[in-house]
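Asks: Sharing a structure, written as structure tokens. Questions coming.
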Amino acid sequence: MKTVLAYGDSLTWGRDAATAGRHAYADRWPTRLATGLGEDVLVIVEGLNGRTTAYHDPTIAEERNGATILPTLLATHQPLDLIVILLGTNDFKRHTGGGNAYESKLGMQRLVQIVRGFDYVVGDGPPDILLVSPPTIRRGNDPRIKAMLDEAGPQSQRLPDLYQELAAETSCHHFDAASICETTLVDGIHLDAENSRRLGDALVPVVKHLLEARPPINAMPAGNA
């Protein structure tokens, strides 16, 4: 069995902007991905509302800095074949990532460094990495989101190119979520159930290809990349 870690924020958790709750389990993109991959692949879901790539949020109790918690999750879930990282939207809050797309690239770069440099004790090295640039932020109807993410839409449009650049620089892989789905106008940042399912379905062939190209863990040379 191969193992995939889905690492993200509220899009991965399954936030439903229309109800302020959570999408049905079957409608969340990691569930659709797992269903499409079949029983021979385990998809572990680690989604947290408000999670950033590598920036601290001092306004909340839980640890939302993706770089701080990632080593613990790598240790918890090892060995892994692939980690799918869908983060960046929350970096556009002025009190976290500062609102600049380039800072999201820097934060994602730090996550790649952590995955590649972690001291794995189970398996033979780091998993492959698929960077997923989040869907473009739109001007929604939620006044709280407007206040936090004012003018973030143009910056979010830069993320696909920046993440693609990072993937090329670090020998990772990239998928542009904006190419297949769009955020709901309820708040401009989350996915409705249809678009969440669409994202999961679109990732199935991408992840299948990456897993098929990866040799079994016990056949790879030991040590970190």
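Asks: Once you charge only the Cβ atoms, +1 for Lys and Arg and -1 for Asp and Glu, what is the size of the charge dipole of the chain about its Cα centre, to the nearest 20 debye?
Replies: 280
Asks: With viscosity set to 0.890 mPa s and temperature to 25 °C, compute the Stokes-Einstein D of segment 1-54, Rh being the Kirkwood radius across alpha carbon pairs; µm²/s, no decimals.
Replies: 210
Asks: Right, here's the next one. List the aspartates and glutamates whose alpha-carbon lies under 13 Å from that of residue 2, not counting same-chain residues fewer than 8 positions away?
Replies: Excluding near neighbours in sequence, the set is 39, 40, 81, 128, 212.
Asks: To the nearest 500 deg cm²/dmol, what mean residue ellipticity at 222 nm is calculated for the chain from DSSP H runs of n ≥ 4 alone, each contributing -39,500 (n - 2.57), summed and divided by the residues?
Replies: Computed mean residue ellipticity for the chain: -11500 deg cm²/dmol.
Asks: Another one. Please report, ordered by residue number, every helix of the chain (full DSSP H runs) that is 27 Å or longer along its axis going by C-alpha atoms and whose mean Kyte-Doolittle hydropathy reaches 0.5.
Replies: none
Asks: Still on this model: If you filter segment 22-124 for GluC sites (Glu not before Pro), then keep DSSP loop positions with at most 16 other Cβ within 10 Å, what is left?
Replies: 39, 62, 63
Asks: Quickly work out the residue 95-to-residue 124 label distance, labels modelled 7 Å from Cα along the C-beta direction, and quote it in nm with one decimal.
Replies: About 4.8 nm separates the two model spin labels.
We did not get these values from a lab; they are worked out from the coordinates using the rules stated. Quick caveat: nothing in here was measured; it's all calculated off a predicted structure. Quick reminder, even Gly has a Cβ in these numbers, built from the backbone with ideal geometry, and neighbours come from all protein chains shown.
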